[in-house]
Amino acid sequence: MNPIPYAQAPAPRQYSRLDRLLVETERALETVFGNPPALRANPADATPDAALDTGERRHAAGLMRINHVGEICAQGLYFGQAAVADDEATRDHLLDAAQEETDHLAWCAERLRELDSRPSLFNPLWYVGSYALGTFAGLAGDPWSLGFVVETERQVEAHLDEHLETLPPTDQRSRQILRVMKADEARHADHAEQAGARILPPPIPGAMALASRLMKAVAYRV
């Protein structure tokens, strides 16, 4: 009597170029036009909302719109890098970070609604530009791609510190969200460093900071 063969696990699915294009398109549409849910609870859930005057509300909304744009950019950047990553571990690292950025995106969107405001009208442009940049960084090789993550997250940490200082004093709901975001961004940078990130040469961080200032100036208003 012949022994019954063990069942073999199915081979991983091989995605065609069209499959990958459809996956990336779905991600882009969901990020920019959808409302992707957070996996973690909003850090501000237990914090009561405070009354803000018109100027304070407008300023808080402008800052949270900048942070929402930052998360749109982070999604585009990480997905672009993951799409061309050489190593599976690097790809997993980028996609795990992208999921936490999805939490940030959902929290910022919720806070904008509470402030009777809206996301930036240029979100499709921010996403496309960031995805292209992420793809370019990824094609340079995983160490450079991870170096780009480190520099991006360190700059984000710095601007979150600025926002924490300039938010209206009574806006504790926004402040609770930004504190958790800052801790997450620091952890993303630390993990990228531990994974073998290379330090970017001097012209690149300066160009990134200049682009960030332009984005913040536009997103604060539009």
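Summary table
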read-out	value
Restricting the range 42-92 to residues that are without any contact (Cβ under 8 Å) to a residue 24 or more places away in the chain and over 24 Å from P168 (Cβ atoms), the residue that is surrounded by the fewest Cβ atoms within 10 Å (Cβ to Cβ)	E88
Count of the range 197-219 residues which are loosely packed, with under 13 Cβ neighbours inside 10 Å and either farther than 30 Å from L121 by Cβ or among the aromatic types (F, W, Y) (or both)	3
In the range 1-34, the residues that are part of a loop (DSSP other than H, G, I, E, B), surrounded by fewer than 10 Cβ atoms within 10 Å (Cβ to Cβ) and at pLDDT 60 or above	Q14, S16
Qualifying positions in the range 163-190 - within 15 Å of the chain's Cα centre (by Cα), touching a residue at least 40 places away in the same chain (Cβ under 8 Å) and over 14 Å from N67 (Cα atoms)	H188, A189
L146 among the aliphatic types (A, V, I, L, M), crowded, with 23+ Cβ neighbours inside 10 Å and over 25 Å from N42 (Cα atoms)	yes
Selection within the range 191-222 - among the basic types (K, R) and more than 19 Å from the chain's Cα centre (by Cα)	R198, R221
Count - residues of the range 110-135 that are in contact (Cβ under 8 Å) with a residue 12 or more places away in the chain, more than 13 Å from the chain's Cα centre (by Cα) and either in a helix (DSSP H, G or I) or under 14 Å from Y78 (Cα atoms) (or both)	10
Selection status of L160, more than 14 Å from the chain's Cα centre (by Cα) and not charged (D, E, K, R)	no
Residue list for the range 50-85, restricted to those being under 24 Å from M208 (Cα atoms) and outside any helix (DSSP H, G or I)	V84, A85
Breaking point among (1) modelled with pLDDT under 95; (2) under 30 Å from L115 (Cα atoms), for N67	(1)
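The values are calculated or read from the model by the stated rules, or taken from the named source; none is laboratory data. Since we're looking at a predicted model, the values are computed, not measured. Ideal geometry is used to build each Cβ from the backbone, glycine not excepted, and the neighbour counts take in all protein chains shown.
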